[in-house]
Amino acid sequence: MSNQKTATIIGSGLVGSLWAVYLAKAGYKVTTYDRRSDLRNVALSAGKSINLATSFRGWKALDELGIGDAIREIAIPMYSRTIHALDGKISTLPYGKENQAIYSVSRGEINAKLLEIAGQIENVNLNFDVDCVFADTKSGKFKLKNNKTGEESEHTSELLFATDGAFSAVRYHGFQKLDRFSYSQNYIEDGYREILLPANEDGTHKLEKNSLHIWPRGRFMLIALPNFDGSFTCTLFMPFDNHEYCFNKLTDRDKVEEFFKEVFPDFYDMMPNVANRWEEHPLSALALIRCYPWTNGKMALMGDAAHATVPFYGQGMNCGFEDCTVMWELMQEHGDNWPVIFKEYEQSRKPNCDAMQDLSLQNYTVMRDKVTDPTFKMIHKIEHRMANLFPDNYIPLYSMVSFSNTEYKHALKYGNEQQEAILNLIEKYNLNDETPFDTLDELIFQYFKEAVMG
Ligand SMILES: Cc1cc2nc3c(=O)[nH]c(=O)nc-3n(C[C@H](O)[C@H](O)[C@H](O)COP(=O)(O)OP(=O)(O)OC[C@H]3O[C@@H](n4cnc5c(N)ncnc54)[C@H](O)[C@@H]3O)c2cc1C
């Protein structure tokens with residue numbers, strides 16, 4: 001009989017495929033099951049799937065395994081947000097310090113690459129087209145249904161990780177029936193629809209390539225992330241109904257065309273056939289899912305299965321990858337003592353992932369509305385001055401979330417306190433865009449010596 005340690009992963013999406021590589025590195029024989037077909041066999045083209053912004057926490061989890069560079073090859077750095085105003089004016093707000101960027105990567109491509117990496121490991125056995133239809137946390141039993149034959153099979157695992165996404169079957173069958181399991185699923189008022197902005201005829205990008213483009217319009221917004229083939233994956237986020245501008249009013253091509261001409265005229269000029277391509281991607285809903293506990297018996301929830309969020313801070317995948325980092329670090333500390341690892345994992349991650357979800361909701365208002373607000377721009381300007389003046393003491397909220405692995409709960413708390421302090425500074429000295437830099441620096445020094453640094 002073999003003494004090889006074994007583990008099962010349900011769902012080989014972004015988190016599951018990465019976690020398989022981690023477990024194999026720890027000496028486990030890993031078997032994964034996914035309801036989808038094998039993405040490695042599908043001809044993927046950039047721009048045909050959601051684009052994700054990968055940031056520090058994601059890179060940290062990838063680099064730990066030495067696979068970050070393989071992903072960097074399919075990622076485009078975005079150093080700033082480019083804001084497109086209604087009157088066509090364009091302004092740029094850098095994300096962080098010089099050379100700090102978040103990276104645009106196609107969800108399909110990164111998943112296929114991670115599966116390719118996992119599939120090359122002898123101890124990883126990847127299975128597709130099988131749907132998990134039952135799970136019991138205590139016994140480790142789970143049932144699979146083959147999507148092609150309809151055949152059902154029963155299995156048992158000593159260690160099972162559920163990375164089967166926001167609507168996790170393992171959570172539903174295994175956890176939601178447990179006594180005292182807390183669960184909430186909240187849809188926000190808004191949905192999203194993707195639109196592909198094609199490349200110029202010569203294959204170049206129609207917009208600045210190394211930037212994330214935003215058309216903020218108060219209650220809704222359009223964003224665009226670059227692809228390698230010169231196209232941009234654009235996403236319109238907007239209420240489903242009950243608003244002046246909402247998806248339910250865009251019922252035919254004429255209305256779609258009128259809408260773009262009126263609210264995104266510069267985008268319409270680049271893509272006058274937008275109405276013809278409107279139906280190419282479905283209208284989708286956005287939900288936050290909170291639950292607890294995340295572990296029970298032989299099973300643990302990771303990634304969206306534990307903490308699905310809305311996409312406005314670009315943290316869903318990054319946070320799921322950070323789950324892998326945290327679980328891995330606990331394995332270094334506690335070996336194969338899974339009861340202890342599971343407890344520490346859920347206790348340390350839950351408050352952080354709650355904060356990540358709060359930050360995600362908070363950032364929707366920032367992106368669709370505040371980026372055009374003069375006070376927000378002033379806060380942003382002062383934050384950058386502060387980060388330059390006190391590089392060891394002052395890190396702006398966005399940087400804490402996207403360019404560091406500061407625990408999300410601390411980022412949320414400190415970030416909001418910092419912004420409050422800057423707002424007070426602006427109000428106290430009536431600062432505005434005309435205030436010269438040297439005056440600004442002097443006041444910042446004075447004020448923060450007293451108020452923040454003690
Ligand atoms: C519009 C949008 C934009 C986003 N932008 C960003 C971003 O910029 N940055 C970022 O970090 N995150 C972003 N996200 C979030 C990110 O996509 C998710 O957080 C991430 O995909 C979660 O990974 P996961 O592996 O936990 O789940 P998933 O990627 O959903 O993978 C789950 C896997 O489980 C499989 N599965 C499901 N049910 C079963 C079952 N019953 N049996 C077997 N297999 C099953 C699925 O087929 C899938 O392969 C965005 C999300 C959306 C919707």
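The values are calculated or read from the model by the stated rules, or taken from the named source; none is laboratory data. Bear in mind the structure is a predicted one, so any value in this text is a computation, not a measurement. FYI the Cβ positions are ideal-geometry reconstructions off the backbone, even for glycines, and counts take in every protein chain you see. Only protein heavy atoms, including side chains, enter the accessible area calculation; ligands, DNA and RNA are left aside. Shrake-Rupley method; radii C 1.70, N 1.55, O 1.52, S 1.80 Å.
Condition check ((1) open to solvent by less than 20 Å² (accessible area, probe 1.4 Å); (2) under 23 Å from ILE110 (Cα atoms); (3) modelled with pLDDT under 95) across all residues:
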{"position": "LYS60", "(1), (2), (3)": "no, yes, no"}
{"position": "ASP63", "(1), (2), (3)": "no, yes, no"}
{"position": "ASP69", "(1), (2), (3)": "no, yes, no"}
{"position": "ILE74", "(1), (2), (3)": "no, yes, no"}
{"position": "PRO77", "(1), (2), (3)": "no, yes, no"}
{"position": "LEU86", "(1), (2), (3)": "no, no, no"}
{"position": "ILE90", "(1), (2), (3)": "no, no, no"}
{"position": "LYS97", "(1), (2), (3)": "no, no, yes"}
What pairs come up if the first residue lies in the range 214-233 and is more than 23 Å from ASP190 (Cα to Cα), the second is open to solvent by 10 Å² or more (accessible area, probe 1.4 Å) and of a type in the set (Val, Ile, Thr), and their beta carbons are under 6 Å apart, counting only those six or more places apart or on different chains?
GLY230/THR204
Residues of the range 218-230 classified as farther than 18 Å from TYR79 by Cα and either modelled with pLDDT of 95 or more or within 16 Å of the ligand (Cβ to nearest atom) (or both), total
3
Has the range 30-48 got any residue that is open to solvent by less than 50 Å² (accessible area, probe 1.4 Å), charged (D, E, K, R), part of a helix (DSSP H, G or I) and at pLDDT 95 or above?
no
Test for SER55: is it under 25 Å from HIS173 (Cβ atoms), out of contact with any Cys (no Cβ under 6 Å at 6 or more places or on another chain), among the polar types (S, T, N, Q) and within 13 Å of the ligand (Cβ to nearest atom)
no
Matching residues in the range 118-165 - criterion: being of a type in the set (A, V, I, L, M), in contact with a helix residue (DSSP H, G or I) (Cβ under 6 Å, 6 or more places away or on another chain) and within 15 Å of the ligand (Cβ to nearest atom)
ALA118, LEU126, ALA135, ALA162
Selection from the range 196-241 of residues that are open to solvent by 10 Å² or more (accessible area, probe 1.4 Å), assigned to a loop (DSSP other than H, G, I, E, B), over 22 Å from VAL366 (Cβ atoms) and touching a strand residue (DSSP E or B) at 6+ places or on another chain (Cβ under 8 Å):
HIS205, LYS206, LYS209, PHE228
With (1) surrounded by 13 or more Cβ atoms within 10 Å (Cβ to Cβ); (2) among the polar types (S, T, N, Q); (3) within 30 Å of PRO239 (Cα to Cα) as the list, and THR137 as the residue in question, which single condition is left unmet?
(3)
Quick check on this structure: which one of ALA300, ALA305 is touching a strand residue (DSSP E or B) at 6+ places or on another chain (Cβ under 6 Å) and outside any helix (DSSP H, G or I)?
ALA300
Any idea how many residues of the range 291-334 are open to solvent by 30 Å² or more (accessible area, probe 1.4 Å) and within 7 Å of the ligand (Cβ to nearest atom)?
2
Exactly one of (1) at pLDDT 95 or above; (2) in contact with a Leu (Cβ under 8 Å, 6 or more places away or on another chain); (3) open to solvent by less than 30 Å² (accessible area, probe 1.4 Å) is unmet by LEU23. Its number?
(2)
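I need a count of the residues in the range 272-284 that are open to solvent by 50 Å² or more (accessible area, probe 1.4 Å), touching a residue at least 40 places away in the same chain (Cβ under 8 Å) and not in a loop (DSSP other than H, G, I, E, B). Before the answer, list the steps.
Filtering the range 272-284 for residues open to solvent by 50 Å² or more (accessible area, probe 1.4 Å) gives 272-273, 276-277, 279-280, 282-283.
Filter once more, keeping what is touching a residue at least 40 places away in the same chain (Cβ under 8 Å): 277, 280, 282-283.
Going one step further and asking which of them are not in a loop (DSSP other than H, G, I, E, B), we end up with 277, 280.
Counting residues in the range 272-284 that are open to solvent by 50 Å² or more (accessible area, probe 1.4 Å), touching a residue at least 40 places away in the same chain (Cβ under 8 Å) and not in a loop (DSSP other than H, G, I, E, B) gives 2.
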Here are the criteria: (1) within 30 Å of CYS234 (Cα to Cα); (2) touching a residue at least 60 places away in the same chain (Cβ under 8 Å); (3) open to solvent by less than 50 Å² (accessible area, probe 1.4 Å). Tell me which single one ARG107 does not satisfy.
(3)
Give just the number: which of (1) farther than 16 Å from ALA162 by Cα; (2) crowded, with 16+ Cβ neighbours inside 10 Å does LEU389 not satisfy?
(2)
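So, in the range 420-435, exactly how many residues are among the polar types (S, T, N, Q) and under 13 Å from LYS381 (Cβ atoms)?
If we filter the range 420-435 for residues that are among the polar types (S, T, N, Q), which is where we start, we get 424, 430, 432, 435.
Those left that are additionally under 13 Å from LYS381 (Cβ atoms): 432, 435.
Number of matching residues: 2.
Filter the range 51-66 down to the residues that are on the phi < 0 side of the Ramachandran plot and either among the aliphatic types (A, V, I, L, M) or over 15 Å from the mean Cα position of the chain (by Cα) (or both) and list them by number.
Applying the first criterion (on the phi < 0 side of the Ramachandran plot) to the range 51-66 yields 51-65.
If the condition is that a residue be on the phi < 0 side of the Ramachandran plot and either among the aliphatic types (A, V, I, L, M) or over 15 Å from the mean Cα position of the chain (by Cα) (or both), then LEU52, ALA53, ALA61, LEU62, ASP63, GLU64, LEU65 are the ones that fit.
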